[in-house]
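Worksheet: one structure, shown below.
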Amino acid sequence: MKEISYYPGCSLHGTAREYDDSIRGVSELLDIQLHELDDWTCCGASSAHCTDEELAIELAARNLAIAEKTDRELLVPCVACYSRFKAVEKEVKEHSKKVHFPYQGNVPIRYALDFFCDEPILEEMKKKRTRPLSGLKVACYYGCLTVRPPKVTGVREYENPQHMDRLMKCLGADPIPWSYKTDCCGASLVMTRTDIVKKLNDRLLSRAMEADADCLVTGCPMCQANLDTRQEELEKETGKKYNLPILYFTELMGLALGHKDVRKWFHRHITDPIKLLKTKGLM
Amino acid sequence: MMELNIQATQKENPFLSEVVQASGEKIQACFQCQKCSAGCPVVYAMDIYPNQLVRHIQYGHREEVLTSKTIWICASCYTCSVRCPNDIDIAKIMDVLRSLALRSGAKPGEKDIPVFHSVFLESIKSKGRIHELSLILQFKSKTKDFLKDAGLGWKMFRKGKIKLLPSRFGGGKEIQEIFNGFEKEEAR
């Protein structure tokens, strides 16, 4: 049994509940025990770093200090939180930034996608896979902060990342090549400049369809929400038909591992994935 | 290495010097290759292109920069930062500019985006975590646009994506401390 600290972040307690549930679900099946941090608070993204750097550093450091009380690695599923934590780790470790809370930069911070792409976990998954996702063509959508900036994320193939593609292959799915893997969805502009987010989303969805994808896969709550929730509205405006389910990679892991709650997770999506998965004979 | 011609001295160019110091980025190194603007996904909505913005900073044009739409439209996707041949982290500079713009009291180039950020931070201050429903309602009470996305909100509620009550947490005192430190600094 592997043990790891867990910082869900605010979205996973709200709009991204199915991400939280599926991470907990697949971790259990893979013999990974998650320890949610006591009294964690918001990491400050996306607003603190835009308006005050000191505040942004302290909000993140408070959580990292809680995590540093144990020797465990810290699992972070939201890429915005992950990016902020890594930025603060860099400040403290490389620039000797002093923070108020007792944090020395010693917690290994693991983004959930990177963590589940570790070789031993992929091996374990191959062994435990009960329903290979054969015939499912997925467009792996990494978005921005999973890979950028590489000096923070450490990802080497940041213009054309491959790790989610490898994970999908391991589940038996067919990751299609497309050129918009790391293009931006507009993130938090959805609240204030919805027009921009819709324009970017139209482009992403259209390009994924042109590449013949059945669905998009992501590990970012913001990308998922932006792409999942506005398809109907966009269809009315552009006259196109998208109907592309936007899935968390952990949901597809759960499906391949035969988790009992997958239907519950999929029910929370605005763009229904169940119909597609039934057509593919996967549900 | 060749010496850079544009000097960032406090006396000659206070704005350039301020941005260089706060960001730690070598803004003087920009030679206008325009790669940042070419790769920017939201450039079409900006009033000043990213490469132009960097030039304005080099020239010390404080007003133009801090009242631009550009600094608020930037979605922090870091595409410009990774493609800059001079390794200038332009997205980081945008963060610094937004924070300078708020402190300067200048009228922001985008109306709602700074309001959203301030409501977001207020929400962390009072609840420790972001409770999406409270955040949205508070933001709407400031922008008075109650109808926008109401249908989508209802759909999301029915899907169990909207949590009615904020989750409980015990870190309130520490969060207050963080924000108080911040407010003291603001007053200085």
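Every number in this text was worked out from the coordinates using simple rules, so none of it is lab data. Values in this document were obtained by computation on a predicted structure and should not be read as measured data. Cβ: placed from backbone, ideal geometry, glycine included. Neighbour counts: every protein chain shown.
Percent of Cα-Cα pairs per 10 Å bin, from 0 to the last occupied bin, for region B:112-187, please list those.
Going from the shortest bin to the longest, the percentages are 17, 40, 31, 10, 1.
In whole Å, what three semi-axes, largest first, describe the equivalent ellipsoid of region A:5-57 built from its Cα gyration tensor (square root of 5 times each eigenvalue)?
One finds semi-axes of 27, 13, 8 Å for region A:5-57.
Considering Cα pairs under 8 angstrom that are at least six residues apart, work out the relative contact order of region B:14-104 and quote it in whole percent.
Answer for region B:14-104 is 34 percent.
For region B:112-187, what is the relative contact order in percent, using Cα pairs closer than 8 Å and at least 6 residues apart in sequence? Spell out each step's value before the answer.
Values: 40 pairs, mean separation 27.8, N = 76.
After rounding, I find 37 percent.
Would you look at the GNM of chain B, springs on alpha carbons closer than 10 Å, and say which of B:GLU177, B:GLU18, B:GLU63 moves the most?
In the Gaussian network model the winner is B:GLU177.
For labels at A:GLN104 and A:LYS151 in the simple 7 Å Cα→Cβ model, what's the distance in nm?
Label-label distance for A:GLN104 and A:LYS151, simple model: 2.6 nm.
Could you work out the relative contact order of chain A, using alpha carbon pairs under 8 angstrom and six or more residues apart, expressed as a whole percent?
Relative contact order here is 20 percent.
Short version: ³J(HN,Hα) in whole Hz for each residue of region A:178-187, in order, from phi by Karplus 6.51 cos²θ - 1.76 cosθ + 1.60 (θ = phi - 60°), x for Gly and Pro, what are they?
My calculation for region A:178-187 gives 8, 9, 10, 3, 10, 7, 7, 9, x, 6 Hz in order.
As a quick test, which of the pairs A:LYS2/A:LYS69; A:LYS137/B:LYS35; A:LYS69/B:LYS173 have an alpha carbon distance above 23 angstrom in this structure?
Going by Cα-Cα distance, A:LYS137/B:LYS35 fall outside the 23 Å limit.
Within region A:224-283, which trypsin sites (Lys or Arg not before Pro) sit in a loop by DSSP and count at most 16 neighbouring Cβ atoms inside 10 Å?
Answer by residue number: A:LYS240, A:LYS241, A:LYS260, A:LYS280.
What fraction of the DSSP beta bridges in the protein assembly as shown is antiparallel, stated in percent and rounded to the nearest 5?
The antiparallel fraction comes to roughly 0 percent.
Going 7 Å from the Cα of B:ARG158 in the Cα-to-Cβ direction, what parts of region A:265-283 have a backbone nitrogen less than 14 Å from that spot?
Answer for region A:265-283: A:268-272.
What pairs from A:LYS90/B:LYS11; A:LYS198/B:LYS159; B:LYS125/B:LYS161; B:LYS111/B:LYS144 go past 20 Å between their alpha carbons? List each step's numbers first, then the result.
Values: A:LYS90/B:LYS11 32 Å; A:LYS198/B:LYS159 22 Å; B:LYS125/B:LYS161 23 Å; B:LYS111/B:LYS144 13 Å.
Over 20 Å apart, Cα to Cα: A:LYS90/B:LYS11; A:LYS198/B:LYS159; B:LYS125/B:LYS161.
List, in order, the whole-Hz ³J(HN,Hα) value for each residue of region A:267-283 obtained from phi through the Karplus relation with A = 6.51, B = -1.76, C = 1.60 and θ = phi - 60°; use x for Gly and Pro.
After applying 6.51 cos²θ - 1.76 cosθ + 1.60, I find 5, 7, 6, 7, 8, 5, x, 5, 4, 4, 5, 5, 4, 7, x, 9, 9 Hz.
Points 7 angstrom from Cα along the Cβ direction at B:ARG103 and A:THR130: gap in nanometres?
5.8 nm
Kindly write out, for region A:208-215 in residue order, the coupling ³J(HN,Hα) from the Karplus curve 6.51 cos²θ - 1.76 cosθ + 1.60 (θ = phi - 60°), rounded to whole Hz, with x marking Gly and Pro.
3J(HN,Hα) across region A:208-215, in whole Hz: 5, 5, 4, 7, 6, 7, 8, 7.
Using the Kirkwood formula on the Cα atoms of chain A, what hydrodynamic radius do you get, in angstrom to one decimal?
Computed over chain A, the radius equals 19.2 Å.
Give me the Kirkwood hydrodynamic radius of region B:14-104 in Å, from all C-alpha pairs, to one decimal place?
12.7 Å
By its C-alpha gyration tensor, with a ≥ b ≥ c as the square roots of the eigenvalues, how is region A:133-283 shaped: rounded for a/c under 1.5, else prolate for a/b larger than b/c, else oblate?
Working: a/c = 1.59, a/b = 1.10, b/c = 1.45.
Oblate, because a/c is 1.5 or more while a/b does not exceed b/c.
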